[in-house]
Amino acid sequence: MQITDWLHRSAEHYPARVAVEDAADGRRFTYAELNERASRVASVLSAKFQLRPGDRVAVLSENRPEYLELMYGCAKSHTILVCLNWRLPTNELLPIIGDCSPALLVYEPRFHAVAAAIQAASPDCALLALDIAYEEVLWTAAPNVVEMPPRHADDTWLLLYTSGTTGLPKGVLQSYGMVFVNAVNTFLAGAVRGEDVFLNVLPFFHTGGLNLYTNPVLMAGGTVVIARRFDPAATIARLTHDVTSLFAVPAIYLQIAAHPDFEAADLTRVRNFSVGGAPIPQSLSCAFARKGVTIAPGYGMTEAGPTIFLADLATASAKPLSVGKPIGLARIRIVDESGKEVTGTEPGDLMIGGPVLTAGYWNKPDMTAEAIRDGWLLTGDIACRDEEGDVFIVGRRKDMYISGGENVYPAEVENLLHGLPGVAEAAVVGVPSQKWGEVGLAVLVAETGGRISEDEVLSACRLGLAGYKIPHFVRVVDALPRTPSGKVEKHKLPGLLASRDVGHGDDIDESV
């Protein structure tokens, strides 16, 4: 399969329609303007910087229209865009630079010191600041509009580095085919339309920022409003004004619901609210449901899709914890430890296949072979189906702990905790126990102005959970540690326990 230049195609069909708007400064670019600027980028990369097909262009910048110009400019010049996490300190960025060896780093001026350190470590990497220098070099380029020659579906377009919570980040190869198939899946599940106004609040260095739903909306001819950083008040204001579509992680929806403007906000013009990155608390779904809003849960990974699941509104309303059924060209399997597909409602390891899959990790063939076996990606997530075939993500395999010989999936405990009065957020991890092997630690965040009683939490758990699932420890914190993509950094939570705590807590009844 060959992939055509859909920015060029949208510019042909909707030249005067607004393609992107920078929410920070109000700049707007039509499809014709965006396509011309991306063409100039391609010319600059090839002519000025002498980049060849396959060379890498790294970007260190918050969300802004220029990011998309660079992405499509790389497509037109057959170079690879490397999306750097600007929240990482220099010492964590340098190994990534060493791994992908970019020929050019484009950076926002506020990252000048970081850029200088990168160039010092990689002298062959040229620099270009996103200021007047960028504009000047753009307007020295030939003004001819360039249409990307058809690319093979397996050609690499983007290099996205995983968050690296369990080790050094890995560069995920995202091909033209992956991005295209994801857009098709998003059209099917999210009913993307040309009249959509999509508010992007996720960082572009994350697959959710680029592909949920920025790229699909640009393919359909809609408008992408780019938020440089998430701001709950500004987000609510746009949702009540002109935005018709929003994708976010649960942490963002929690901040929206907790903001004083939420109660009076009229959200009826928004026809698509969707969520991914982590299970959404049922209490949060209910808070939006009281305003007549259904948030559709989805599931995906940087290595796959990311649109693998996105529940339809009927399923999301009836089963807010389900991600529904696989979408379009995505294939799934749920298997036991021997690799045999499970039947009925039993939980098992979730695997993903089909044209949604990455070809692997940059420069890491061994890790690629370990993650993708016989065309199937082992996600590391535990899932199950209900009697109607709808899928529920039970939790991460690595998050599961064994207490008294019984498997405990934290997501099940977290679902109960999220429904307790006064609890805004909850995360559960296993910690060592001399008696039980492992026991649960529940880390909670209170609602604004609320309070959480450890005794009341444990009493509720005794009523709603089997004894071995009841957390032995409860800690209340101001905020949960999170990655830039909004996922809770669970590996940091055991540090909240004092050394004298670990291994005790044996007064909980384990007989159930």
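The values are calculated or read from the model by the stated rules, or taken from the named source; none is laboratory data. Every value quoted in this text rests on a predicted model; they were computed, and no experiment measured them. Counting neighbours? That spans all protein chains shown, and the Cβs are built from the backbone with ideal geometry, glycine included. With ligands, DNA and RNA removed, areas are computed over all heavy atoms of the protein, side chains included. Shrake-Rupley method; radii C 1.70, N 1.55, O 1.52, S 1.80 Å.
Take the conditions within 28 Å of Asn272 (Cβ to Cβ) and acidic (Asp, Glu) and apply them to Asp381. Does it pass?
Spelling it out, Asp381 is indeed within 28 Å of Asn272 (Cβ to Cβ) and acidic (Asp, Glu).
Ser283 versus (1) of a type in the set (Ser, Thr, Tyr); (2) open to solvent by 20 Å² or more (accessible area, probe 1.4 Å); (3) modelled with pLDDT of 95 or more: which is the lone unmet condition?
Against the list (1) of a type in the set (Ser, Thr, Tyr); (2) open to solvent by 20 Å² or more (accessible area, probe 1.4 Å); (3) modelled with pLDDT of 95 or more, Ser283 comes up short only on (3).
Looking only at residues that are at pLDDT 95 or above, open to solvent by 10 Å² or more (accessible area, probe 1.4 Å) and charged (D, E, K, R) in the stretch 58-94, which one is farthest from Ala32 (Cα to Cα)?
Here the residue is Glu62.
Does the stretch 206-225 include one or more residues that are in contact with a Lys or Arg (Cβ under 7 Å, 6 or more places away or on another chain), closer than 24 Å to Ile256 by Cβ and either in contact (Cβ under 8 Å) with a residue 60 or more places away in the chain or hydroxyl-bearing (Ser, Thr, Tyr) (or both)?
yes
Identify, from the list Thr307, Thr358, Thr368, the residue that is among the polar types (S, T, N, Q), more than 30 Å from Ser285 (Cβ to Cβ) and within 20 Å of the chain's Cα centre (by Cα).
Result of the check over Thr307, Thr358, Thr368: Thr358.
Applying the selection to the stretch 136-158, what residues are open to solvent by 60 Å² or more (accessible area, probe 1.4 Å) and polar (S, T, N, Q)?
Within the stretch 136-158, Thr140, Asn144 qualify.
State which residue is nearest to Trp436 (Cα to Cα) when the search covers only the stretch 362-374 and only residues that are open to solvent by 40 Å² or more (accessible area, probe 1.4 Å) and not in a helix (DSSP H, G or I).
By that ranking, first place goes to Arg373.
Name the single residue, out of those in the stretch 209-226 being within 17 Å of Ser61 (Cβ to Cβ) and assigned to a helix (DSSP H, G or I), that is nearest to the chain's Cα centre (by Cα).
Gly209
Does Gly171 satisfy the criteria of being among the small types (Gly, Ala, Ser) and surrounded by 22 or more Cβ atoms within 10 Å (Cβ to Cβ)?
Here the answer is yes, as Gly171 does meet what is asked.
Of the residues that make up the stretch 363-384, is at least one hydrophobic (A, V, I, L, M, F, W, C) and without any contact (Cβ under 8 Å) to a residue 12 or more places away in the chain?
Step one: of the stretch 363-384, the residues hydrophobic (A, V, I, L, M, F, W, C) are 367, 369, 371-372, 376-378, 382-384.
Now restrict to residues that are without any contact (Cβ under 8 Å) to a residue 12 or more places away in the chain: 369.
Yes; the residues of the stretch 363-384 include at least one that is hydrophobic (A, V, I, L, M, F, W, C) and without any contact (Cβ under 8 Å) to a residue 12 or more places away in the chain.
Any residue in the stretch 179-196 that is more than 17 Å from Trp86 (Cα to Cα), under 17 Å from the mean Cα position of the chain (by Cα) and assigned to a loop (DSSP other than H, G, I, E, B)?
no
Phe204 passes all but one of (1) among the aromatic types (Phe, Trp, Tyr); (2) under 29 Å from Gly419 (Cα atoms); (3) open to solvent by less than 20 Å² (accessible area, probe 1.4 Å); (4) assigned to a loop (DSSP other than H, G, I, E, B); which number fails?
(2)
Every residue in the stretch 95-130 that is assigned to a loop (DSSP other than H, G, I, E, B) and either open to solvent by less than 60 Å² (accessible area, probe 1.4 Å) or polar (S, T, N, Q) (or both), please.
Restricting attention to the stretch 95-130, the residues satisfying the condition of being assigned to a loop (DSSP other than H, G, I, E, B) are 101-103, 108, 122-125, 130.
Once the filter is applied, which keeps residues that are assigned to a loop (DSSP other than H, G, I, E, B) and either open to solvent by less than 60 Å² (accessible area, probe 1.4 Å) or polar (S, T, N, Q) (or both), the stretch 95-130 yields Ser101, Pro102, Ala103, Glu108, Ser122, Cys125, Leu130.
Can you tell which of Ile334, Ile402, Ile393 is open to solvent by 70 Å² or more (accessible area, probe 1.4 Å), of a type in the set (Val, Ile, Thr), in contact with an Asp or Glu (Cβ under 8 Å, 6 or more places away or on another chain) and closer than 30 Å to Ala442 by Cβ?
On inspection, the qualifying residue turns out to be Ile402.
Answer yes or no: is there a residue in the stretch 348-361 that is outside any helix (DSSP H, G or I), in contact with a Cys (Cβ under 6 Å, 6 or more places away or on another chain) and open to solvent by less than 60 Å² (accessible area, probe 1.4 Å).
Among the residues of the stretch 348-361, not one is outside any helix (DSSP H, G or I), in contact with a Cys (Cβ under 6 Å, 6 or more places away or on another chain) and open to solvent by less than 60 Å² (accessible area, probe 1.4 Å), which makes the answer no.
Kindly list, by first and then second residue, each pair from a residue in the stretch 66-78 that is among the basic types (Lys, Arg) to a residue that is in a helix (DSSP H, G or I) and buried (at least 24 other Cβ atoms within 10 Å of the Cβ), limited to pairs with Cβ atoms under 8 Å and residues at least 6 apart or on different chains.
Lys76/Ala38; Lys76/Ser39; Lys76/Val41; Lys76/Ala42
Being open to solvent by 30 Å² or more (accessible area, probe 1.4 Å) and either among the hydrophobic types (A, V, I, L, M, F, W, C) or touching a Phe, Trp or Tyr at 6+ places or on another chain (Cβ under 9 Å) (or both) narrows it down to one of Val184, Val249, Val217, Val192, so name that one.
Going through Val184, Val249, Val217, Val192 in turn, just one is open to solvent by 30 Å² or more (accessible area, probe 1.4 Å) and either among the hydrophobic types (A, V, I, L, M, F, W, C) or touching a Phe, Trp or Tyr at 6+ places or on another chain (Cβ under 9 Å) (or both): Val184.
With respect to Ala133, is the statement that it is of a type outside the set (Phe, Trp, Tyr), modelled with pLDDT of 95 or more, part of a helix (DSSP H, G or I) and surrounded by fewer than 22 Cβ atoms within 10 Å (Cβ to Cβ) true?
Yes; evaluated as a whole, the condition is true for this residue.
If I filter the stretch 298-331 down to residues being more than 19 Å from Gly208 (Cβ to Cβ) and among the small types (Gly, Ala, Ser), which single residue comes out as least open to solvent (accessible area, probe 1.4 Å)?
Ser322
When Pro53 is evaluated against the numbered criteria (1) open to solvent by 30 Å² or more (accessible area, probe 1.4 Å); (2) within 26 Å of the chain's Cα centre (by Cα), which criterion, by number, is the only one it fails?
That leaves (2) as the condition not met.
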